[in-house]
Amino acid sequence: MIARPTTGHARPRYGDAALIVCDNLVRIYKVADLEVVALQGLDLLVDPGEMVAIVGASGSGKSTLLNILGGLDVPSAGRVIVAGHDLAQLGRRERTRYRRRVVGVIGQQTARNLLPYLSAAENVELPMILDGRAARRKRTLELLDMVGLTNRAGHRPARLSGGEQQRVAIAVAIANGPAVLLADEPTGELDSATSSEMFALLRRINSDLGTTIVVVTHDPLVSEQVTRTVAIRDGRTSSETLRRTQLGDDGDHQVIAEEFAVLDRAGRLQLPRAHIVALELTQRVRLRLERDHVGVWPDRAADRSTDGAEPYGPPTDRTADRGDAADDDEAKP
């Protein structure tokens, strides 16, 4: 049998080039007789070497997402891939190996990140012992030097400050060289000066080691420490803020931040709440396709007079101007 050459190219699968892929991710919890939908078809891509912040109000689903990426929870539906590992398909032994080697996790409560009866060096060395790694002592000292705590190697957590404890926790999290570092409110218990030092350390790990870092936080000031911030609302990604540095007219570097609505694979998006309130958008909205954008207006059909005007015709110039000014850079529902 002669194989015939194929024509065309196979369409790449969603997220083929990404390190983290969340594809229509759903997580449903059962509480007594109630079902709580924590994630409702969330899509997210994170490229290798990125440092990303995930923000959202309490109950938005960001902690659930972190637990799934950390291998502590499994999705109810959808696909989640981290560094080539399909997390929904991992068995118990594979999941343990994944948590030891592929991801490192830093929790919000500094004291709970470390074992209180072990010294800083022993805490850092423990993940390598569990994974059966050699040359552990040398790497432990290298990691403590990286986080600036060589002189505190023999101290137990109770004798370390909150910032020092969190630095040791970072060294523990990257001890086995994970591809991804997950941080849950890593500066939640630290003052602003120590928080800045902590993020400077995370950025150095990101740049020097190439570790992909995902930080979950509710603090907008923390999210400004990264170049990409993803906002989650009602279990879906709602917007992304991208930051870049450019040279200003005065010769100084300025940080430019742009917020974008996220269009998911089903064509859905969430308009910013401020836009919804300002335009009094409820239930139905009117759309009009322009040459380079889509206009969105509230449905005013019930309020229009019936003096011969077409109730479902194009919006008036005044309404269109109002919509264009508010939503030029928004993709629409």
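Within the stretch 145-166, how many residues turn out to be aliphatic (A, V, I, L, M) and not in a helix (DSSP H, G or I)? Even if it seems obvious, please write down each step before you answer.
Of the residues in the stretch 145-166, the ones aliphatic (A, V, I, L, M) are 146-147, 149, 153, 158, 160.
Right, trim to not in a helix (DSSP H, G or I) and you get 147, 149, 153, 160.
Count: 4.
Looking at (1) outside the structural domain of R27 (by TED's automatic domain parsing); (2) of a type in the set (D, E); (3) within 28 Å of A38 (Cα to Cα), can you tell me which one E224 breaks?
(1)
Name every residue in the stretch 184-213 that is more than 18 Å from M146 (Cα to Cα) and touching a helix residue (DSSP H, G or I) at 6+ places or on another chain (Cβ under 7 Å), in order of residue number.
Across the stretch 184-213, the qualifying residues are D184, T187, E189, L190.
Residue-wise test of (1) surrounded by 14 or more Cβ atoms within 10 Å (Cβ to Cβ); (2) over 27 Å from V172 (Cβ atoms); (3) of a type in the set (G, A, S); (4) without any contact (Cβ under 8 Å) to a residue 12 or more places away in the chain.
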site	(1), (2), (3), (4)
V26	yes, yes, no, no
V36	no, yes, no, yes
M51	yes, no, no, no
G78	yes, yes, yes, no
L114	yes, no, no, no
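Restricting to the stretch 209-225, what's the tally of residues that are in a helix (DSSP H, G or I) and either closer than 15 Å to G104 by Cβ or of a type in the set (K, R) (or both)?
1
Counting only residues that are among the β-branched types (V, I, T) and surrounded by 19 or more Cβ atoms within 10 Å (Cβ to Cβ), which one in the stretch 163-196 is farthest from T64 (Cα to Cα)?
Narrowing the stretch 163-196 to residues among the β-branched types (V, I, T): 168, 170, 172, 174, 180, 187, 194.
Now narrow it down to the ones that are surrounded by 19 or more Cβ atoms within 10 Å (Cβ to Cβ): 168, 170, 172, 174, 180, 187.
Numbers: V168: 25, I170: 21, V172: 23, I174: 22, V180: 17, T187: 19 Å.
The extreme case among them is V168.
Could you go through the stretch 236-248 and let me know if any residue there is among the hydrophobic types (A, V, I, L, M, F, W, C), buried (at least 20 other Cβ atoms within 10 Å of the Cβ) and at pLDDT 80 or above.
As a first pass, look at the stretch 236-248 and keep what is among the hydrophobic types (A, V, I, L, M, F, W, C): 242, 247.
Still in the running and buried (at least 20 other Cβ atoms within 10 Å of the Cβ): none.
No, there is no match, as no residue in the stretch 236-248 is among the hydrophobic types (A, V, I, L, M, F, W, C), buried (at least 20 other Cβ atoms within 10 Å of the Cβ) and at pLDDT 80 or above.
Would you mind finding the one in A169, A134, A121 that is in a helix (DSSP H, G or I), out of contact with any Asp or Glu (no Cβ under 7 Å at 6 or more places or on another chain) and either without any contact (Cβ under 8 Å) to a residue 60 or more places away in the chain or more than 24 Å from R97 (Cα to Cα) (or both)?
Among A169, A134, A121, only A121 is in a helix (DSSP H, G or I), out of contact with any Asp or Glu (no Cβ under 7 Å at 6 or more places or on another chain) and either without any contact (Cβ under 8 Å) to a residue 60 or more places away in the chain or more than 24 Å from R97 (Cα to Cα) (or both).
Could you list all residues from the stretch 65-100 that are assigned to a loop (DSSP other than H, G, I, E, B) and among the charged types (D, E, K, R)? Spell out how you get there, then give the answer.
Start the filter on the stretch 65-100 by keeping residues that are assigned to a loop (DSSP other than H, G, I, E, B), which leaves 70-76, 83-84, 90-91.
Result: D73, single match.
Confirm whether P272 is surrounded by 11 or more Cβ atoms within 10 Å (Cβ to Cβ), at pLDDT below 85 and more than 27 Å from the chain's Cα centre (by Cα).
The answer is no for P272.
Based on what the data block shows, is E50 closer than 30 Å to E259 by Cα and at pLDDT 90 or above?
Spelling it out, E50 is indeed closer than 30 Å to E259 by Cα and at pLDDT 90 or above.
Among (1) of a type in the set (A, V, I, L, M); (2) under 17 Å from G70 (Cα atoms); (3) more than 17 Å from the chain's Cα centre (by Cα), where does V215 come up short?
All conditions pass for V215, except number (3).
What single numbered condition from (1) in contact with a strand residue (DSSP E or B) (Cβ under 8 Å, 6 or more places away or on another chain); (2) over 17 Å from P178 (Cα atoms); (3) in contact (Cβ under 8 Å) with a residue 40 or more places away in the chain fails to hold for L66?
Unmet condition: (2).
Going through the stretch 91-133 one residue at a time, which ones are of a type in the set (V, I, T), within 27 Å of the chain's Cα centre (by Cα) and more than 25 Å from S63 (Cβ to Cβ)?
The answer is V124, and nothing else.
Looking at (1) in contact with a Gly (Cβ under 6 Å, 6 or more places away or on another chain); (2) crowded, with 17+ Cβ neighbours inside 10 Å; (3) without any contact (Cβ under 8 Å) to a residue 40 or more places away in the chain; (4) among the charged types (D, E, K, R), which is the one condition that is false for R95?
Against the list (1) in contact with a Gly (Cβ under 6 Å, 6 or more places away or on another chain); (2) crowded, with 17+ Cβ neighbours inside 10 Å; (3) without any contact (Cβ under 8 Å) to a residue 40 or more places away in the chain; (4) among the charged types (D, E, K, R), R95 comes up short only on (2).
In the stretch 101-109, is there at least one residue being in a helix (DSSP H, G or I) and over 18 Å from I213 (Cβ atoms)?
In the first step, residues of the stretch 101-109 are kept if they are in a helix (DSSP H, G or I); the result is 101.
Imposing the further condition that a residue be over 18 Å from I213 (Cβ atoms) reduces the set to none.
For the stretch 101-109, residues in a helix (DSSP H, G or I) and over 18 Å from I213 (Cβ atoms): absent.
Can you name the condition, by its number, that L144 falls short on among (1) modelled with pLDDT of 95 or more; (2) under 23 Å from the mean Cα position of the chain (by Cα)?
Unmet for L144, out of (1) modelled with pLDDT of 95 or more; (2) under 23 Å from the mean Cα position of the chain (by Cα): (2).
The values are calculated or read from the model by the stated rules, or taken from the named source; none is laboratory data. Here the structure is a predicted model, which means the values were calculated and not measured. Quick reminder, even Gly has a Cβ in these numbers, built from the backbone with ideal geometry, and neighbours come from all protein chains shown.
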